[in-house]
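The values are calculated or read from the model by the stated rules, or taken from the named source; none is laboratory data. From a predicted model like this one, the values you see are computed outputs, not experimental measurements. Here the Cβ is made from the backbone with ideal geometry for all residues, glycine too, and neighbour counts use every protein chain on show.
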Amino acid sequence: MAEQKQLSEEEAKKQLRHFFAEMPHPIPLVLFCDPAGKNEPFAEGARQVIRAIRELTDKVTLREYPLDHELAKEWGISRSPTLVFAPEAYKIRWLGAPLGHEAQTFMEALSIIGYQEPGLSKEALKVLAKLDSPRAIKIFVSPTCPYCPLVAVNGIRAAVARPDLITLEIIDILANPDLADKYAAQSVPQAFANEKLVGLGAQPEELFVASLAALEPQRVFIPDSDAEEIACDLVIVGGGPAGLTAGIYASRSGLAAVVVEKGVLGGQVATTPMVENYPGFTQVGGKALVDVMVTHALEYVKIFPGEEVQTIIPGEVFTLTTPRRRYKARAVLLATGAGYKRLGAMGEERLAGRGISYCSNCDGPLFKGKKVIMVGGGDSAVTEALHLDNIGVEVTMVHRRGKLRAQERLLGSLRKSGIPVLFNTELAEILGGTRVEAVRLKNNQTGEESTLPVGGVFIAIGYAPAVKLALSLGAELTPDGYIKKDERHRTTVPGVYSAGDVEGGYKQIVTAVGQGSEAALAIFEDLINPYWIKQKKG
């Protein structure tokens, strides 16, 4: 095992050396630090990452200066550490260190700057070409957030595409908690432009640049013209466990299949701190498990991340459109999963991203040493409460029933942790001005109300199925709001199938994987002998 790991590391280094050797432009980096400051561990982390890269290439150079250096004053740099990328060509700064998930962002930045190719879609470039005034972008990120690299890389691409107008600061909330507090960026990723919030959460690049241009969040992007067209047998909408597995099985069956995912590959699994019930792994981080799945799927199927399917037009051949391209397919598999349920409490919408979070793995580190509540009583709520407690957050669980619904193993861990639980208690209102300051709780048995001062509210009350596309096709839903399907995962629309959490049932990774494989095999058999043709003849 150790020999295999060593060979794997050597192969990775070999590939990276080749990657940098092909790079046409050098990448000068400038690091400003305060050796005596409290953020020196972040500075050392940045040094180590850059040192590791410089061992593989001489294309990356590094100069380091103390924070009181004349150059820092000239460039207006006052925070340690601050990493400046190619200062003669671009205005890109990183306030913090490229650690955790942000190592991915760092490597993307080196690639984009080294090739001087923003890598944006034609539609995104058209939007940026119309900019006629400066944009000062601030993107708040966390090393523990798998969604952050998508937004940070969008910012880097935009800054490289329009260096004349765009400046970028990537701000690590762990290294700069005061800035996160100032901007009330207590849920990451968040993007600001010219001091205005333009993005909360992950955005595809077209929506990112559209929000940047409008200086306010955009929810819909309409391209100026038709995008590139891809013809295939099957389009799988959704890149979670069900969609990725379906891609593998469909391709192995001989179908030309593609996976289109609007957000982060892996879905909810990517934000799960620890998975303990997936066969073959006693314990595995959610992101690590997703990486294994994605790597496997890429051996068989093309994956298009960061694309949202906006319309599906049925027919003998289905036409699916995204902001980047058009797809033609003989069948469609909806593996769209489910999103976080909102509580609907007073103040929830107003304070979203201002101390309210649905992902402890993404936002938890910012609340270290603070008091928060976790609303919910199932596996997800207990898992996330344990994670918060483990990283030093003072958490109290709030559950509307008299008993938690989590697995016994999780309940045992909860008892050992000593995390308090308020039973038969509902969150009536979230209080605060520009950020969460307290909550109003109500005992649903006695009617008694109380106010609890907290700095954050984490909500894990389940998931709502993503059925918008299914409804647009006229597919029927179950009484619970999930996609109605038969034993072969056929929806009520011929040629359209479903798999994963969008079908309801047990919301487990292994269940989604099984459904994905079943659906793919059923689609293969149906495309050979289309059942809808038989139904018409009958």
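Those residues that are of a type in the set (A, V, I, L, M, F, W, C), farther than 17 Å from residue 393 by Cβ and in contact with a Lys or Arg (Cβ under 8 Å, 6 or more places away or on another chain), I need them from region 431-460; list them, please.
431
Picking from 73, 38, which residue would you name as being assigned to a loop (DSSP other than H, G, I, E, B) and free of Cβ contacts under 8 Å to residues at least 40 places away in the same chain? Walk me through how you get there before you give the answer.
On the way: 73 fails: assigned to a loop (DSSP other than H, G, I, E, B).
Unique residue meeting the criteria: 38.
Between 402, 392, 369, which is in contact with a Lys or Arg (Cβ under 9 Å, 6 or more places away or on another chain), assigned to a loop (DSSP other than H, G, I, E, B) and free of Cβ contacts under 8 Å to residues at least 60 places away in the same chain? Full working, then the answer.
On the way: 402 fails: in contact with a Lys or Arg (Cβ under 9 Å, 6 or more places away or on another chain); 369 fails: in contact with a Lys or Arg (Cβ under 9 Å, 6 or more places away or on another chain).
Among 402, 392, 369, only 392 is in contact with a Lys or Arg (Cβ under 9 Å, 6 or more places away or on another chain), assigned to a loop (DSSP other than H, G, I, E, B) and free of Cβ contacts under 8 Å to residues at least 60 places away in the same chain.
Tally time: how many residues in region 73-105 are of a type outside the set (D, E, K, R) and over 25 Å from residue 134 (Cβ atoms)? Give the derivation first.
In the first step, residues of region 73-105 are kept if they are of a type outside the set (D, E, K, R); the result is 75-78, 80-87, 89-90, 92, 94-101, 103-105.
Next cut, over 25 Å from residue 134 (Cβ atoms) only: 80-81, 97-101, 103-104.
Residues flagged as of a type outside the set (D, E, K, R) and over 25 Å from residue 134 (Cβ atoms) within region 73-105 amount to 9.
For region 292-312, how many residues meet the condition of being without any contact (Cβ under 8 Å) to a residue 12 or more places away in the chain and either buried (at least 18 other Cβ atoms within 10 Å of the Cβ) or of a type in the set (A, V, I, L, M) (or both)?
Summing the residues that are without any contact (Cβ under 8 Å) to a residue 12 or more places away in the chain and either buried (at least 18 other Cβ atoms within 10 Å of the Cβ) or of a type in the set (A, V, I, L, M) (or both) in region 292-312 gives 2.
Against the definition (in a strand (DSSP E or B) and either within 23 Å of residue 315 (Cα to Cα) or hydrophobic (A, V, I, L, M, F, W, C) (or both)), how does residue 439 come out, yes or no?
Details: in a strand (DSSP E or B): yes; either within 23 Å of residue 315 (Cα to Cα) or hydrophobic (A, V, I, L, M, F, W, C) (or both): yes.
Answer is yes for this residue.
Before we move on, is residue 450 polar (S, T, N, Q), free of Cβ contacts under 8 Å to residues at least 40 places away in the same chain and assigned to a helix (DSSP H, G or I)?
Taking the combined requirement at face value, the residue does not satisfy it.
Before we move on, is residue 404 under 30 Å from residue 205 (Cα atoms), surrounded by fewer than 23 Cβ atoms within 10 Å (Cβ to Cβ) and of a type in the set (A, V, I, L, M, F, W, C)?
Numbers: under 30 Å from residue 205 (Cα atoms): no; surrounded by fewer than 23 Cβ atoms within 10 Å (Cβ to Cβ): yes; of a type in the set (A, V, I, L, M, F, W, C): yes.
No: the conditions fail for residue 404.
Within region 4-17, identify whether any single residue is of a type in the set (A, V, I, L, M), outside any loop (DSSP other than H, G, I, E, B) and in the same structural domain as residue 179 (by TED's automatic domain parsing), and answer yes or no.
No, every residue in region 4-17 fails to be of a type in the set (A, V, I, L, M), outside any loop (DSSP other than H, G, I, E, B) and in the same structural domain as residue 179 (by TED's automatic domain parsing).
Among the residues of region 460-481, which ones are closer than 18 Å to residue 267 by Cα and either modelled with pLDDT of 95 or more or surrounded by fewer than 19 Cβ atoms within 10 Å (Cβ to Cβ) (or both)? Step through it out loud before you land on a result.
To start, the set of residues in region 460-481 that are closer than 18 Å to residue 267 by Cα comprises 460-469.
Scanning region 460-481 gives 462, 463, 464, 467, 468, 469.
Go through (1) touching a residue at least 24 places away in the same chain (Cβ under 8 Å); (2) more than 30 Å from residue 389 (Cβ to Cβ); (3) hydroxyl-bearing (Ser, Thr, Tyr) one by one and return the number of the condition residue 360 breaks.
The number of the failed condition is (2).
Of these, 217, 149, 143, which one is of a type outside the set (Asp, Glu), part of a loop (DSSP other than H, G, I, E, B) and touching a His at 6+ places or on another chain (Cβ under 7 Å)?
143
Which of the residues that make up region 55-82 are surrounded by 15 or more Cβ atoms within 10 Å (Cβ to Cβ) and closer than 12 Å to residue 27 by Cα?
The answer is 57, 59, 60, 62.
Could you check region 313-338 and list, in sequence order, the residues that are part of a loop (DSSP other than H, G, I, E, B) and touching a residue at least 60 places away in the same chain (Cβ under 8 Å)?
314, 322, 323, 324, 335, 336, 337
Any residue that is among the aliphatic types (A, V, I, L, M) and assigned to a helix (DSSP H, G or I) - is there at least one of those in region 485-507? Talk me through it step by step, then tell me what you get.
The first filter runs over region 485-507 and keeps only residues among the aliphatic types (A, V, I, L, M), leaving 493, 496, 499, 502.
If we keep only those that are assigned to a helix (DSSP H, G or I) as well, we get 502.
The answer is yes; a qualifying residue exists.
Can you name the residue in region 271-291 that is in a helix (DSSP H, G or I) and either of a type outside the set (Gly, Ala, Ser) or touching a Leu at 6+ places or on another chain (Cβ under 9 Å) (or both) and, of all such residues, is surrounded by the most Cβ atoms within 10 Å (Cβ to Cβ)?
Among them, the one singled out is 290.
Inside region 111-127, can you point out the residues that are touching a strand residue (DSSP E or B) at 6+ places or on another chain (Cβ under 9 Å), farther than 18 Å from residue 169 by Cβ, of a type outside the set (D, E, K, R) and part of a helix (DSSP H, G or I)? Outline the logic, then answer.
In the first step, residues of region 111-127 are kept if they are touching a strand residue (DSSP E or B) at 6+ places or on another chain (Cβ under 9 Å); the result is 113-114, 121-122.
From the residues that got through so far, the ones that are farther than 18 Å from residue 169 by Cβ too are 114, 121-122.
Now drop any that are not of a type outside the set (D, E, K, R), which leaves 114, 121.
Correct list: 114 only.
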